[in-house]
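Trainee: Got a structure here, written out as structure tokens. Questions coming.
The values are calculated or read from the model by the stated rules, or taken from the named source; none is laboratory data. As the structure is a computational prediction, the values presented were derived from the model and not from experiment. Positions of Cβ are backbone-derived with ideal geometry, glycine not excepted, and every protein chain shown enters the neighbour counts. Keep in mind that these areas ignore ligands, DNA and RNA; they rest on the heavy atoms of the full protein, side chains included. Shrake-Rupley method; radii C 1.70, N 1.55, O 1.52, S 1.80 Å.
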Amino acid sequence: MERFHPSWHKMVVAMGLAICLVVTVLGCVLVDTSAAEARRLLKRNIQLELTSIAMSAATAVDADAHALLTRSEQEASPAYWQALKPLAAIRARHPQVRFLYTARKVEGRVFFVLDPTAPGDADNDGVMDNSGLMELYVEAPQSMLKALRTGTLVVEDEATTDRWGSFISAYAPLITSSGDLDGVVGVDLDYSSFNQMFTKIEWQRWLGLVAVVLFGGGIALGWIRFNERARREAAERTALAEREQALESERTRLERDLKHTSHHDATTGLKNREAFLADLNSALLECAGKRYVQVAVVFLDFDHWKVVN
């Protein structure tokens with residue numbers, strides 16, 4: 001007969017839950033890894049776009065003409081506005097570029113040269129948005145100083161935040177025809193314009209985590225319910241088998257009692273007339289065909305037995 005073992009059931013449930021937990025954890029790790037990779041690729045695409053804009057701007061600027069712009073009064077000259085046009089065109093093609101300018105280093109200090117930003121204070125921060133020719137750049141970032149020092153393209157790895165906003169920048173060198181480094185083209189990309197993309201990735205990450213947890217929890221709950229149902233069915237089968245065995249034992253006992261009752265007197269327990277005739281018939285059959293075999297029948301009679309009954 002099938003028997004149900006509670007300890008075995010608990011072990012199976014525990015193993016199933018452990019597997020569900022491992023699968024859920026692995027799913028969460030996979031979602032986190034995918035989100036991190038998506039952020040990395042988006043950041044890399046931003047850097048590549050930034051590099052492309054910076055190189056295009058450095059190529060568009062005439063470095064030799066740029067080298068001649070050394071005094072603030074030249075800001076009103078045709079040469080200044082002629083040099084400014086390529087930067088203005090590039091800035092117009094890339095609305096995510098917040099600032100596009102050139103700068104050079106003179107006697108350890110950094111000065112702006114070209115800046116196509118429209119004059120005024122569009123963001124109402126109390127500071128003019130555009131910079132004038134040979135205006136001192138007081139807070140020159142380290143990445144710009146590195147580009148001015150090495151004459152190489154420098155692209156920032158992380159965005160920086162200051163009073164003008166959150167930016168990620170690139171600096172491309174301006175090399176004259178004689179091979180001298182005259183300055184750099186600076187491109188400040190508005191990093192906040194990509195917040196929606198990063199937010200979307202983060203939302204997808206959280207949705208993925210929730211989906212993995214719900215999926216794992218659903219599997220775990222289903223596993224528990226399945227095993228509970230199997231346990232209940234096994235217990236019911238065991239109880240049914242035990243009942244069937246009890247009924248079979250009861251039936252055997254009843255048949256035995258019925259047989260005894262049909263051949264014995266209910267009051268005395270002695271064999272009745274039917275049993276006597278059966279025994280007599282059996283004895284006679286044993287004597288059939290045999291010699292020197294005798295059968296005797298003893299008859300006893302009790303007076304007034306009806307009164308006793």
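Trainee: Holding the Cα-Cα limit at 32 Å, pick out from LYS105/LYS200; LYS259/LYS306; LYS10/LYS200 the pairs that are longer than that.
Mentor: Working: LYS105/LYS200 41 Å; LYS259/LYS306 26 Å; LYS10/LYS200 43 Å.
In this structure, LYS105/LYS200; LYS10/LYS200 exceed 32 Å between Cα atoms.
Trainee: Related question: Kirkwood hydrodynamic radius, computed over distinct alpha-carbon pairs, for the range 221-309: how many Å, to one decimal? Present the calculation step by step, with values, prior to reporting the outcome.
Mentor: Values: mean 1/r = 0.0532 Å⁻¹.
Its Kirkwood hydrodynamic radius stands at 18.8 Å.
Trainee: Mind checking the angle between helix 273-287 and the chain's longest principal axis? C-alpha axes, 0 to 90 degrees, to the nearest 10.
Mentor: It works out to around 80 degrees.
Trainee: By the scheme Lys and Arg +1, Asp and Glu -1, what is the net charge of all other residues having a beta-carbon under 15 Å from that of LEU145?
Mentor: Working: positive: ARG104, LYS105, ARG109, LYS146, ARG149; negative: GLU107, GLU139, GLU156.
Summing Lys and Arg as +1 and Asp and Glu as -1 gives +2.
Trainee: May I ask you to list the residues of the range 186-224 whose amide nitrogen lies under 18 Å from a point 7 Å from Cα along the Cα→beta-carbon direction of LEU42?
Mentor: Once the point is set 7 Å along Cα→Cβ of LEU42, 189-210 turn out to lie under 18 Å by backbone N, inside the range 186-224.
Trainee: Extending each Cα 7 Å along its Cβ direction at GLU255 and CYS28, get the distance between those two points in nm, one decimal.
Mentor: Label-label distance for GLU255 and CYS28, simple model: 6.4 nm.
Trainee: Moving on. Taking only the alpha-carbon positions of the range 69-216 and ignoring solvent, what does the Debye formula give for the base-10 log of I(q)/I(0) at q = 0.09 Å⁻¹?
Mentor: Cα-only, vacuum Debye calculation for the range 69-216: -0.36.
Trainee: Counting only heavy atoms of the protein chains, get the accessible area per residue of the chain (1.4 Å probe) and round it to a whole Å² value. Write down the numbers at each step before the final one.
Mentor: Working: 20720 Å² over 309 residues.
I get 67 Å² per residue for the chain.
Trainee: How large is the dipole of the range 135-212 about the Cα centre if only Lys and Arg carry +1 and Asp and Glu carry -1, each at its Cβ, rounded to the nearest 20 debye?
Mentor: Numbers: 5 positive and 11 negative charges, 65 e Å.
My answer is approximately 320 debye.
Trainee: Rounded to a whole number, what % of the accessible area of the chain do carbon and sulfur atoms account for, probe 1.4 Å? Present the calculation step by step, with values, prior to reporting the outcome.
Mentor: On the way: 12450 of 20720 Å².
Carbon and sulfur: 60 percent of the exposed surface of the chain.
Trainee: Could you compute how fast the range 182-271 diffuses translationally, taking Rh as the Kirkwood radius over C-alpha pairs and applying Stokes-Einstein at 4 °C with viscosity 1.567 mPa s? Give it in µm² per second. Before the final figure, lay out each step's value.
Mentor: Working: Rh = 21.4 Å.
Answer from the Stokes-Einstein relation: 61 µm²/s.
Trainee: Can you divide the C-alpha Rg of the chain by 2.2 N^0.38 Å and report the result to two decimal places? Walk me through the intermediate numbers first.
Mentor: Working: Rg = 51.8 Å, N = 309, 2.2 N^0.38 = 19.4 Å.
Relative to the rule-of-thumb radius for its length, the chain sits at 2.67.
Trainee: Taking only Cα atoms, what is the 0 to 90° angle, nearest 10, from helix 195-263's long axis to the longest principal axis of the chain?
Mentor: Rounded to the nearest ten degrees, it is 0.
Trainee: How would you classify the range 71-120 from its alpha-carbon gyration tensor, with a ≥ b ≥ c the square roots of the eigenvalues: rounded for a/c under 1.5, else prolate if a/b is greater than b/c, otherwise oblate?
Mentor: Since a/c reaches 1.5 but b/c is at least a/b, the shape of the range 71-120 is classed as oblate.
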